[in-house]
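The values are calculated or read from the model by the stated rules, or taken from the named source; none is laboratory data. Here the structure is a predicted model, which means the values were calculated and not measured. Using ideal geometry, Cβ is built from the backbone for each residue, glycine included, and neighbour counts are taken over all protein chains shown. SASA here: full protein model, heavy atoms, side chains in, ligands and nucleic acids out. Shrake-Rupley method; radii C 1.70, N 1.55, O 1.52, S 1.80 Å.
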Amino acid sequence: MTLSTHYIRYSDSVEVQQPDEQEISRKIVDSMARVNRLMYEKYRHAIRDAHAKSHAVLKGEITIYENLPEHLAQGLFAEPKTYPVIVRFSTAQGSIVPDKLSAFRGMAIKIIGVEGEKFLPELSDALTQDFLLVNYPIIPTGTINEYLKMQEGLESQAQSGELFQQIAQKAAVGVQNVMAAVGLADNTNKLSAPGPHILGDAYFSMAALRYGDYVAKINVKPLSENVKGLSGKKIESEIIDEDENAFLTKIIADFFRSNTAEYELSAQLCTDLEKMPVEDGSVQWPEDESPYQPVAKLAFPPQETFSPQRRVYADDVLSFNPFHCLPEHRPLGNIMRVRKLAYETSSRYRHHMNAQARLEPKSIVELPD
């Protein structure tokens with residue numbers, strides 16, 4: 001399928017406000033804020049309410065491909081160009097837990113040097129654009145109603161001091177096992193502790209976003225043979241036993257001590273709003289209806305991936321927000337609309353409590369070595 005006329009055109013009508021959406025969203029964000037405060041008391045340091053644990057912070061480049069067809073040459077990808085990037089690898093829990101526990105992994109991409117007014121008014125003049133991806137193609141709690149149930153369960157257990165112990169006992173895997181831990185889902189998942197090599201994973205936006213004149217999901221997959229070879233590769237037990245708390249950090253650092261890596265960013269354009277809904281993030285868009293189409297390449301040189309200076313910069317200075325973007329790439333759907341408020345609230349609290357100004361880099365040289 002190659003003709004742009006086959007793809008759903010973006011308009012305001014692709015999003016549909018849900019019943020009581022504002023009230024439900026406020027309940028979710030208020031609950032998350034209360035859990036944030038509990039985590040601050042636990043660590044005496046404010047952490048992210050999700051993807052709290054960093055494993056690597058990489059510098060690299062993203063190169064937009066030349067001669068993209070009209071339906072792919074949209075927004076940031078309209079012209080062939082190379083930008084510096086900062087990429088943070090993380091795991092999904094809102095607490096600092098051992099790496100041996102299964103969890104969704106995150107790949108947050110901050111592109112530097114992006115001209116144009118950004119979507120968030122307070123960052124309208126920033127020269128950066130964020131994409132946030134997870135190594136799972138959907139959001140299991142795909143609507144705000146489902147998410148509220150999960151969040152209220154999390155808060156209840158956090159207040160009783162049981163949340164993270166219960167999740168650990170269940171070898172939690174991202175949202176699905178958090179839901180199981182609070183009794184909202186079966187204790188089953190497709191991942192097993194501690195999961196394969198983190199650099200071999202594919203990463204997904206999970207929810208839809210605006211893609212210029214169209215609607216899409218995006219993903220990033222290994223491109224160079226050395227990271228393709230890590231896809232699904234079991235992590236050696238000796239590495240896990242050496243440090244069960246930080247072996248993901250170690251295997252990334254060991255790889256980039258002497259290796260380069262390349263990944264490919266692709267877009268899956270919506271062709272049918274019934275089969276590919278915007279308002280339910282739990283529905284996987286069928287690739288036989290609309291395959292992912294490559295639009296850019298990410299490349300990383302050898303480097304030290306997690307120096308103390310980089311760790312502080314990533315954890316306390318930087319924020320990654322899917323709504324920090326060009327308007328042409330604004331996230332879509334009710335689960336993303338609530339995330340907008342959640343990200344803003346969490347970031348503001350984290351930077352305030354840690355006495356750190358939120359800064360958007362103007363140059364890659366601001367990332368410490």
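Numbers at a glance
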item	result
In the stretch 314-329, residue farthest from residue 260 (Cα to Cα) [restricted to those that are open to solvent by 10 Å² or more (accessible area, probe 1.4 Å), under 18 Å from the mean Cα position of the chain (by Cα) and of a type outside the set (Asp, Glu)]	326
Subset of the stretch 331-362 [at pLDDT 95 or above and open to solvent by 40 Å² or more (accessible area, probe 1.4 Å)]	362
Residue tally, condition of a type in the set (D, E, K, R) and either buried (at least 23 other Cβ atoms within 10 Å of the Cβ) or within 19 Å of the chain's Cα centre (by Cα) (or both), over the stretch 81-101	2
Residue list for the stretch 38-68, filter: part of a loop (DSSP other than H, G, I, E, B) and in contact with a helix residue (DSSP H, G or I) (Cβ under 7 Å, 6 or more places away or on another chain)	46, 47, 48, 49, 68
Out of 109, 86, sole residue that is closer than 14 Å to residue 320 by Cβ, out of contact with any helix residue (DSSP H, G or I) (no Cβ under 9 Å at 6 or more places or on another chain), in a strand (DSSP E or B) and in contact (Cβ under 8 Å) with a residue 60 or more places away in the chain	109
Boolean, residue 78 is among the aliphatic types (A, V, I, L, M), out of contact with any strand residue (DSSP E or B) (no Cβ under 6 Å at 6 or more places or on another chain), under 24 Å from residue 211 (Cα atoms) and at pLDDT 95 or above	yes
Yes/no for residue 216 being hydrophobic (A, V, I, L, M, F, W, C), modelled with pLDDT of 95 or more, over 17 Å from residue 56 (Cα atoms) and not in a loop (DSSP other than H, G, I, E, B)	yes
Residue match in the stretch 113-125 (condition: touching a strand residue (DSSP E or B) at 6+ places or on another chain (Cβ under 7 Å) and of a type in the set (A, V, I, L, M, F, W, C))	yes
Test: residue in the stretch 53-70 that is over 24 Å from the mean Cα position of the chain (by Cα), open to solvent by less than 50 Å² (accessible area, probe 1.4 Å) and at pLDDT 95 or above	yes
Those helices (runs of 4 or more DSSP H) lying entirely in the stretch 122-205 with at least 3 residues at pLDDT below 50	163-169, 174-181
The stretch 271-317, residues that are at pLDDT 95 or above, touching a Lys or Arg at 6+ places or on another chain (Cβ under 8 Å) and acidic (Asp, Glu)	304
Filter result for the condition that a residue is modelled with pLDDT under 85 and assigned to a helix (DSSP H, G or I), over 97, 35	35
